[in-house]
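The values are calculated or read from the model by the stated rules, or taken from the named source; none is laboratory data. Model, not experiment: these values are computed from the prediction. Every residue, glycine as well, gets a Cβ built from its backbone with ideal geometry; the counts of neighbours run over all protein chains shown. Heavy atoms of the whole protein, side chains included, go into the accessibility calculation; ligands, DNA and RNA do not. Shrake-Rupley method; radii C 1.70, N 1.55, O 1.52, S 1.80 Å.
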Amino acid sequence: MVLAVSPVSPVAPLGAHELLIFLLQVGTLLLMALLLGRLAIRCGMPSIVGELCAGVVLGPTVLGHAAPHLANWLLPGDPGQLHLLDSFAQVGVLLLVGLTGAHMDLTLVRRRGLDAIRISIAGIVVPLGLGVAAGFLFPSALVPQTADRSTFALFLGVAMGVSAIPVIAKTLAELRLLHRNIGQLTLCAVVVDDIVGWLLLSVVAAMATTGLRGGAVVLSLIWVAVVFALAFLARPLVRGALRVAGRACDTGVTLALVVVLVLLSAATTHAMGLEAVFGAFVCGIMLGGSGGLSSVETGPLRTMVMSVLAPLFFATAGLRIDLTALSRPPVLLAGLVVLGLAVAGKFAGAYIGARISRLGHWEALALGAGMNARGVIEVIVAMVGLRLGVLNTEMYSIVVLVAIITSVMAPPLLRLTMARVEHTAEERLREEMYEGESARGTGVS
């Protein structure tokens, strides 16, 4: 018997016009993100503020109103064209989250474990509870028809409960507070915050795709446990592969292996019905720590991610912000409520946890000021919510604005509160040690 083989027609390549638009989109977004990011830094704000504003300028808020024909040509509504840009930006955010996980200082968590856990849990539970309550009370116009009210409320709670370790670490370094006890405890608590935040995001995202069935939620929690078990079992193999790659003359082998591991880990959790960013984060933790990748080894990849891919992701995220929606009183009121609850909840939670841990009044307020910065993490959460249909454009814009405002608030509030916290002899000794290490590093280079 002769089997007939039907010819498979080759996939048509990307059209010339589509490729032109894609290249112009990437180049224009990256240029605007670079310029506005540098401007934000000069104004004493995190670069993410300018990078998000790049998307706002090129999106419906500014260019869409000022020059609609140009906006429609550069950023057409064709789903395929937008998905092409989103896919490129998605690789950037996965690598960013992976590098964030790789630089988690878990030894710090072990050293200050109980205090950090108390502060972190209170700092998550209070704003999360306020966010859930607000989600149930918001008018139906702010809840997408594609989302269940309960899932929307839980997602809003997760968005309000997270903190952003990249923004906080950078802020503490710039303010020369990393050697202070409060600075180290803040970082420690935020590490726990991030881990719990990604767990909650994965579970709530799974609920959004499978519905609020009890069995689906239990299955999601089981998959989360499986992910950590697999990471624990695979860690020696991954470390061995990194050592083998490190023997190559070309450092690019190690960097390529890191990218492969992060992307495959993200694909694994995505296949489980969890969020891809959760897999990238767990992979980062597996790659970092004692005996793992050093900051020197990841330096070239980190430079590429932080200078090119991450700004492009944030600029792409900014494209979906429509600030004109805030001209409508219900949306503006909802935005003020979310911002107020997010700030009050994070401060109250951190303050309660700190006081239970027997820290002073100003120390507790300083912890709240640091942990209140949401930055990168909340933007990623908002993008996930928009992609899953849990957030509409109005709520997405509100959540991203909360991320920006809380990140901008952190430096002045930390200066104000830390000025009232006594500088101990132990902290001065630690500062001298850090400065000595920095001087030695500068001399070597």
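Annotations for the structure displayed:
- Per residue, the solvent-accessible area of the chain (1.4 Å probe, heavy atoms of protein chains only, all protein chains present) comes to 46 Å².
- Volume in Å³ per residue [convex hull over Cα atoms, computed for the stretch 235-304]: 82 Å³
- Ranking R247, R180, R38 from most to least accessible surface, computed with a 1.4 Å probe over the protein chains only, gives R247, R38, R180.
- Globularity index of the stretch 220-345 is 1.42 (Cα radius of gyration / 2.2 N^0.38 Å, N = number of residues).
- Extension gain (nm, one decimal) between H270 and R387, 0.36 nm per residue minus Cα-Cα: 40.8 nm
- Computed over protein heavy atoms with a 1.4 angstrom probe, the accessible surface ordering of L359, L264, L84, L142, largest first, is L264, L84, L359, L142.
- Computed helical MRE - 222 nm, the chain, DSSP H runs ≥ 4 contributing -39500 (n - 2.57), nearest 500: -25500 deg cm²/dmol
- Computed in the context of the full set of protein chains, the accessible area of the stretch 228-306 at 1.4 Å probe radius has 71% of its extent on carbon or sulfur.
- Sites T303 and S140 - FRET efficiency at Förster radius 41 Å, r taken between beta-carbons, to 0.05: 0.35
- Modelled FRET efficiency - R0 56 Å, L416 with L237, Cβ distances, 0.05 increments: 0.70
- Solvent-accessible surface (1.4 angstrom probe) belonging to T324, in square angstrom, nearest 10: 50 Å²
- Span from the the stretch 308-337 Cα centroid across to the the stretch 22-41 one, whole angstrom: 17 Å
- Fraction of accessible area attributable to carbon and sulfur, the stretch 47-163 (%, probe 1.4 Å): 69 percent
- R176 accessible area, 1.4 Å probe, all protein chains in place, Å² to nearest 10: 140 Å²
- Positive minus negative residues near A366 (Lys, Arg vs Asp, Glu; Cβ under 11 Å): +2
- Classification of the stretch 140-291 by its C-alpha gyration tensor yields an oblate form. The axis ratio a/c (a ≥ b ≥ c) is 1.5 or more, and b/c is at least a/b.
- GNM result for the chain, Cα springs below 10 Å: residue of M304, M383, M371 fluctuating most strongly: M304
- Length-normalised contact order of the chain in % [C-alpha pairs under 8 Å, at least 6 apart]: 27 percent
- Look at where the Cα atoms of the stretch 166-204 and of the stretch 363-411 average out, and the two centres are 14 Å apart.
- Cα-centred dipole magnitude for the chain, charges only on beta-carbon of K, R (+1) and D, E (-1), debye, nearest 20: 680 debye
- Under 15 Å, Cβ to Cβ, from V408 - net charge with Lys/Arg +1 and Asp/Glu -1: +2
- Summing charges over all other residues whose Cβ lies under 15 Å from the Cβ of I21, with Lys and Arg as +1 and Asp and Glu as -1, gives -3.
- Label-point gap, in nm, between A248 and H361 - each point 7 angstrom along Cα→Cβ: 5.9 nm
- For the set W362, W198, W73, the ranking by accessible area, highest first and with no ligand, DNA or RNA atoms included, is W73, W362, W198 under a 1.4 Å probe.
- 10 Å binning of all Cα-Cα separations within the chain, expressed as whole percents from 0 upward: 4, 20, 30, 27, 13, 4, 1, 0, 0
- Across the options S163, I398, L309, the greatest Cα extent toward the positive end of the charge dipole of the chain (unit charges at beta carbon of Lys, Arg, Asp, Glu) belongs to S163.
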